[in-house]
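Heads up, the thing below is written out as structure tokens.
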Amino acid sequence: MIKKIEHIGIAVKDLEHATKTYQALLNVAPYKTETVEREGVKTVFFECGDSKIELLGATREDSPVGKYLSTQKEGIHHIAFFVDDLKAEMKRLQNEGFQLLSEEPKAGADDKSIVFLHPKSNHGVLVELCEDQSQF
Ligand code: CO
């Protein structure tokens, strides 16, 4: 089941500058900075009540976020929903006709297993489903 909005991902061109901006906006320091080298992304996480803000900067121009930033303006990149059973939710959504971007869950940042749904399935919004990795 989808439980809540876990985080909103924001793609930024200058991660250091954006971190200062969001630290000032949210009035809280980031609780985690993590590079996922396989995905060519560096992430900075802020808590925001029951949810989070994830800043995404590219470590390589040819990474998914690097390509995104080369063709689109920085801004909201994806919405992540927390689910209690990722595989069951993937199966349910596949049966509903949603297009998943990977067959299997992948290791994401912040100790999560994740899968993305194609934006064209969701009226232009890239959707991430995530669950705690500790469930494995
Ligand atoms: Co995310």
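Every number in this text was worked out from the coordinates using simple rules, so none of it is lab data. All of these numbers come straight from a predicted model, not from anything done at the bench. Methodologically, a virtual Cβ is constructed for each residue, glycine included, from the backbone with ideal geometry; neighbour enumeration extends over all protein chains shown.
Report, in debye and to the nearest 20, how large the dipole of the chain comes out about its Cα centre when Lys and Arg carry +1 and Asp and Glu carry -1 on their Cβ. Walk me through the numbers before you get to the answer.
Details: 17 positive and 23 negative charges, 68 e Å.
Roughly 320 debye, rounded to the nearest 20.
Measure off 7 Å from each Cα along the Cα-to-Cβ vector at Q94 and T35, then give the distance between these two points in nanometres to one decimal.
3.4
Amide H of T59 versus every other amide H placed in the peptide plane: which residues, excluding those fewer than 5 positions away on the same chain, fall under 5 Å?
Close amide H contacts, sequence-distant or interchain: V41, K42.
Can you work out ³J(HN,Hα) from phi for every residue in the stretch 36-46, in order, using Karplus 6.51 cos²θ - 1.76 cosθ + 1.60 and θ = phi - 60°, giving whole Hz and x for Gly and Pro?
The phi angles translate into 10, 4, 4, 9, x, 9, 10, 10, 10, 10, 10 Hz.
FRET efficiency for T59 and D14, Cβ-Cβ distance as r, R0 = 22 Å, nearest 0.05?
Details: r = 13 Å, r/R0 = 0.60.
The computed FRET efficiency comes out at 0.95.
Just the Kirkwood number for the stretch 12-84, please: inverse of mean 1/r across all distinct Cα pairs, in Å, one decimal. If you can, show how the numbers build up before the last one.
Numbers: mean 1/r = 0.0779 Å⁻¹.
With all distinct Cα pairs of the stretch 12-84 included, I get 12.8 Å.
So in the stretch 2-135, what percent of DSSP beta bridges are antiparallel if you round to the nearest 5?
Values: 30 of 39 bridges.
Antiparallel bridges: around 75 percent, rounded to the nearest 5.
Please list the radius of gyration and Dmax for the chain, considering alpha-carbon atoms only, with Å as the unit.
In Å, with Rg to one decimal and Dmax whole: 14.5, 43.
Between K87 and I5, take the C-beta separation as r, use R0 = 25 Å, and let me know the FRET efficiency to the nearest 0.05. Before the final figure, lay out each step's value.
Working: r = 21 Å, r/R0 = 0.82.
Efficiency computed from Cβ-Cβ geometry: 0.75.
Quick one: how many lysine pairs in the stretch 2-135 have C-alpha atoms under 12 angstrom apart, if they're 8 or more apart or on different chains? Could you put the intermediate results ahead of the total?
Numbers: K4/K52; K13/K42; K13/K67; K13/K73; K32/K42; K32/K52; K87/K106.
Going through the stretch 2-135 pair by pair, I get 7.
Calculate, for K120 and V28, the FRET efficiency according to 1/(1 + (r/R0)^6) with r their C-beta to C-beta distance and R0 30 Å; round to the nearest 0.05.
Values: r = 35 Å, r/R0 = 1.16.
The value I calculate is 0.30.
If packing is taken as the average count of other Cβ atoms within 10 Å, what order do 67-76, 122-131 fall into, highest mean first? List each step's numbers first, then the result.
Numbers: 67-76: 12.2, 122-131: 16.9.
Sorting 67-76, 122-131 by mean packing, highest first, produces 122-131, 67-76.
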